[in-house]
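Before any comments, here is the structure.
The values are calculated or read from the model by the stated rules, or taken from the named source; none is laboratory data. On a predicted model such as this, the values are computed, not experimentally measured, just so you know. FYI the Cβ positions are ideal-geometry reconstructions off the backbone, even for glycines, and counts take in every protein chain you see. The accessibility values were calculated without ligands, DNA or RNA, using every heavy atom of the protein model including side chains. Shrake-Rupley method; radii C 1.70, N 1.55, O 1.52, S 1.80 Å.
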Amino acid sequence: MYTHSTYISLKNKKLVTMGNEISVDILSKTWDINKDLLTTLGYALDDAMDDSDDEDDDVQEEKCSGTLDRVRLDWAQHVKKCIHEKSFSRKYRMSHNSFNRLVFILKPYLERNADKASRGRYIIPHIVVAIGTRYLAGEPYTALNDIANVSTPTVYNLKNRFISALLQANALKIKLPDSAEDWEKVRQGFQNISSENLFRGCIGAIDGFFAPIQQPRVKDAKGNPMSFMSGHYGMFGLNCQAVCDARERFLFFGVVAPGKTNDNIALEYCAQLKEIIQNLPYGLFLVGDAAYTSNERMLTPMVGSQRLDPVNDAYNFYLSQVRIRIEMTFARLVTKWRILRAPLMGSLATISRTLMACATMHNYVIDNDGHNEHLQLGNDSGGNDFDFIVRNAPTGMMYLPTMPDRNGDNIQQLATSHTVQASILQVIEQLCIRRPRHNIERNGVGNGTRQPSIEESFYAP
């Protein structure tokens, strides 16, 4: 595979790889590849630099005709310009105050000794955070070069430093509540959005997120790259498991399995989350889709012929009121951190770190700016790539939910009966609660019979 240390020298017509020059003529004969094709392939760069160790800011500049002296970005002037143009929150996905607070949190992990930087090339933490944030927001490397007036290797380096600092900072870690009071706040949040308080015992919405990636290297995939191929989407990806609260914050986010893995199996890899679910007091539960096994601590929708019963249909509707929060969370994640709009490149370790960084930033922005931050991001760097997510996603979704293969062996079937679910169904029946008329009319066809959702159709027997 060609990496940043592999390129074609057009002047000498030689392939330079790991410091060794090999004639293109020899390679074309040895590999039986057209010389023009070989030359073109030589320009292909992967994201191998993401795996490099954290180096000093004084990264070697590209040697075209000597080292280029660069004038660093005047951060104070840049901020003044952005505030005047009212574009800071659009460019950096948060308010200026939240940005400064983030710099303060990450500064101990980003601070470098300015005396060791040669030729006055010290880069302040504000610019490191700016580069990292705009990288996660989907800015191409070429744009980041111009924004901060640094070389491409330096952009790679600063981006890596930012993500490392982000994942090291204890104040920013995604974690489940660790006290009864915190759990009660989460439960109260879901109760407030549940009609008739039917699902007042909900303490989280769980679902899988399919993160598209380029084909992983054989070494990374432990000899089986096809385990990352989703038959439903026809692309490589990773299965991320996540739990959110009613505010669309992640309580748990993990990159846990190859993209082909069913959510119910992927959940088994989340040891900490699995233990907490199993130890939930009676009456408290998570809500998920039909990919998970329904039990006392995990409520899922009715599928198949079960949903035809009016009581069960109402149960599905009011369950979706709380479960939809995880779908809204994923949609917000992908909309704001637009690096997720196209297949991620690099090693699996690098991709996992990028995904965790996006989830961490997602929580940070909600905690500090709420839900009023800019979501309409305009044409920052072109809009065609975003169609990739929309075209392959189920109707109405802005992200790719995990969906097993049609012929997979791991699809869970009908929900099992249990006390918590039976209690909710009993309340629905006693109070004659039904799906709202406006929802039936909006989703109905012909004689008013409701169309099954994408999820219900997929898991129908």
Run down L73, L37 and say which single residue is modelled with pLDDT under 95, surrounded by 18 or more Cβ atoms within 10 Å (Cβ to Cβ) and of a type outside the set (D, E).
L73
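Residue-by-condition table, conditions (1) part of a helix (DSSP H, G or I); (2) closer than 28 Å to H371 by Cβ:
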site	(1), (2)
H232	no, no
N239	no, yes
A242	no, yes
A290	no, no
A314	yes, no
I326	yes, yes
F330	yes, yes
Would you point out which residue out of R119, R112 is open to solvent by 70 Å² or more (accessible area, probe 1.4 Å), of a type outside the set (S, T, N, Q) and either at pLDDT below 95 or not in a helix (DSSP H, G or I) (or both)?
R119
Can you go through I83, I174, I131 and tell me which one is of a type in the set (V, I, T), open to solvent by 10 Å² or more (accessible area, probe 1.4 Å) and under 19 Å from the mean Cα position of the chain (by Cα)?
I174
List the number of the failed condition for I147; all other conditions in (1) under 23 Å from L344 (Cα atoms); (2) in contact with a Ser or Thr (Cβ under 9 Å, 6 or more places away or on another chain); (3) open to solvent by 40 Å² or more (accessible area, probe 1.4 Å) hold.
(2)
Test of understanding: among E196, E111, E184, which residue is acidic (D, E) and without any contact (Cβ under 8 Å) to a residue 12 or more places away in the chain?
E184
With the checklist (1) under 30 Å from V420 (Cβ atoms); (2) buried (at least 17 other Cβ atoms within 10 Å of the Cβ) in hand, flag the one item K91 doesn't pass.
(1)
The condition of being open to solvent by less than 40 Å² (accessible area, probe 1.4 Å), over 19 Å from the mean Cα position of the chain (by Cα) and farther than 21 Å from Y318 by Cα holds, among L286, L280, L273, only for L280
At pLDDT below 55, open to solvent by 50 Å² or more (accessible area, probe 1.4 Å) and on the phi > 0 side of the Ramachandran plot - does that describe any residue in segment 420-440?
no
Return the pair list, or none, for Cβ contacts closer than 9 Å from residues in segment 214-229 that are open to solvent by 50 Å² or more (accessible area, probe 1.4 Å) to residues that are of a type in the set (K, R), at least 6 apart or on different chains.
M226/K260
Does segment 231-260 hold any residues that are in contact with a strand residue (DSSP E or B) (Cβ under 6 Å, 6 or more places away or on another chain) and of a type in the set (F, W, Y), and which are they?
F236, F250, F252, F253
